[in-house]
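Read the structure below first, then the notes.
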Amino acid sequence: MRKPRDFDAELKALEDKARAVKARKVRQLGELVIATGADTLTANELAGALIALTDTKEAGKREAWARRGAAFFQGRSQRNVPATDRYMDSAPAPPGGAPPVSGRKGAT
């Protein structure tokens, strides 16, 4: 006869794992805020900027932000990023000028 599964223990283990994943996500977001220098902003400013980013549907702006993020994770400074990528309101760089976002290194 087979040993019965302990569903309560399995559920508790999954809850513990989910809690650990959430804690790691919060820690990594905090590290990202500090690494980018956004920790100098007030909580209201940072929240407003993130809300504006999530509300933006303009593909050109989002692509420019994605390129800046990819450059950040690849270790390039802002000064090395082309001027068209540095400013949100500028036209996007020509296609093929930057690697696709999914190909960036160091992102988790």
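The values are calculated or read from the model by the stated rules, or taken from the named source; none is laboratory data. Being a predicted model, the structure only gives us computed values, none of them experimental. In this analysis, Cβ positions are derived from the backbone assuming ideal geometry, glycine residues included, and neighbour counts consider all displayed protein chains.
Looking at Asp6, Asp39, Asp55 in this structure, which one is among the acidic types (Asp, Glu) and surrounded by fewer than 10 Cβ atoms within 10 Å (Cβ to Cβ)? Spell out the reasoning first.
On the way: Asp6 fails: surrounded by fewer than 10 Cβ atoms within 10 Å (Cβ to Cβ); Asp39 fails: surrounded by fewer than 10 Cβ atoms within 10 Å (Cβ to Cβ).
Only one candidate passes the filter, namely Asp55.
When residues of the stretch 7-58 are filtered for being more than 25 Å from Phe73 (Cβ to Cβ) and either assigned to a helix (DSSP H, G or I) or in the same structural domain as Phe73 (by TED's automatic domain parsing) (or both), how many remain? Write out each step before concluding.
Step one: of the stretch 7-58, the residues more than 25 Å from Phe73 (Cβ to Cβ) are 7-19, 42, 44.
In the following step, the residues that additionally are either assigned to a helix (DSSP H, G or I) or in the same structural domain as Phe73 (by TED's automatic domain parsing) (or both) were identified as 7-19, 44.
So the count comes out to 14.
Going through the stretch 9-27 one residue at a time, which ones are surrounded by fewer than 11 Cβ atoms within 10 Å (Cβ to Cβ) and of a type outside the set (Asp, Glu)?
Of the residues in the stretch 9-27, the ones surrounded by fewer than 11 Cβ atoms within 10 Å (Cβ to Cβ) are 9-11, 14-23, 26-27.
Selection gives Ala9, Leu11, Leu14, Lys17, Ala18, Arg19, Ala20, Val21, Lys22, Ala23, Val26, Arg27.
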